[in-house]
Amino acid sequence: GACLYLVATPIGNLEDMTMRAIRILKESDIIAAEDTRNTMRLCNYFDIDTPLTSYHDHNQEQGGEKLLQMLRDGKSIALVSDAGLPAISDPGADIAMKAIAEGFAVVPIPGANAAITALIASGMTTQPFYFHGFLSRNKKDRREGLESLKKRQETILLYEAPHRIKDTLKDMLTILGDRHIVLARELTKKFEEFLRGTTEDAIEWANSNEIRGEFVIVIEGTQEEQEEEVEWWNDLSIVEHVDQL
Ligand code: SAM
């Protein structure tokens, strides 16, 4: 019957698809995807032949109404984004709110998420943490975003696109000061890498290496009134794990 499933998909490693996610995608009447071509590849890999429809940031109004009408018609919808959890720096929260407001069941199908995956292996305090997602693309707003993080004592999690990482690191140094940070790169993929050091170390590294792949930035909260707990940060460390896949 009518139901909106929010289905997690892998963040780079197809083995992270869950058995339940595969079953729900197979059994749903329709899959609403951020990018149908991308999701088509996933469906082919797992032998899923459910029809696809497009639902992304640019058609939330119309697309949302279309999905709501399907729910009213008694259809079950599986919403997926390109990677990880829908509604986390991806479309999904808006349609979930509207579906809930109309009394439909909204069912999460959990799985991979880049931020939490980075956090657990960061070597930093994992609780409490603050997930910020992407900073603004606009320089002024990005700086304001960083200003708003300055007083936070929690471990901070940011998403960033590879072509903006250098600028973001420089703004982080200016606004947050030199902190202990971790760059978690290509999580779950063949060349996963954790760079642990300070903001200055990371800038130096970014200046002398080609920056490729996807990153989560993990930032130590402000240490005021807190004693140092972690000991790994005296030296820059870059640890790569090559998956045997
Ligand atoms: N919905 C996704 C989730 O649950 O993690 C996040 C989607 S957001 C549009 C994409 C951003 O997530 C990337 O720019 C990067 O910061 C982060 N990300 C996604 N996959 C990643 C990976 N394999 N390794 C590191 N960061 C990743």
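Readers should treat all values here as calculations from the given coordinates under stated rules, not as data from a laboratory. What you are looking at is a predicted structure, and each value in this text was computed from that prediction instead of being measured. Quick reminder, even Gly has a Cβ in these numbers, built from the backbone with ideal geometry, and neighbours come from all protein chains shown.
Numbers below:
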quantity: Label point distance in nm, residue 212-residue 97, each placed 7 Å from Cα along Cα→Cβ; calculated: 4.0
quantity: Whole-Å distance, taken between Cα centres, linking the stretch 183-225 and the stretch 8-64; calculated: 30
quantity: Residue order, fewest to most surrounding Cβ atoms within 10 angstrom, among 174, 39; calculated: 174, 39
quantity: Relative exposure of 187, 195, judged by other C-beta atoms within 10 Å (fewest first); calculated: 195, 187
quantity: Percent breakdown of C-alpha pair distances by 10 Å bin, ordered from the shortest bin, for the chain; calculated: 7, 29, 29, 22, 11, 1
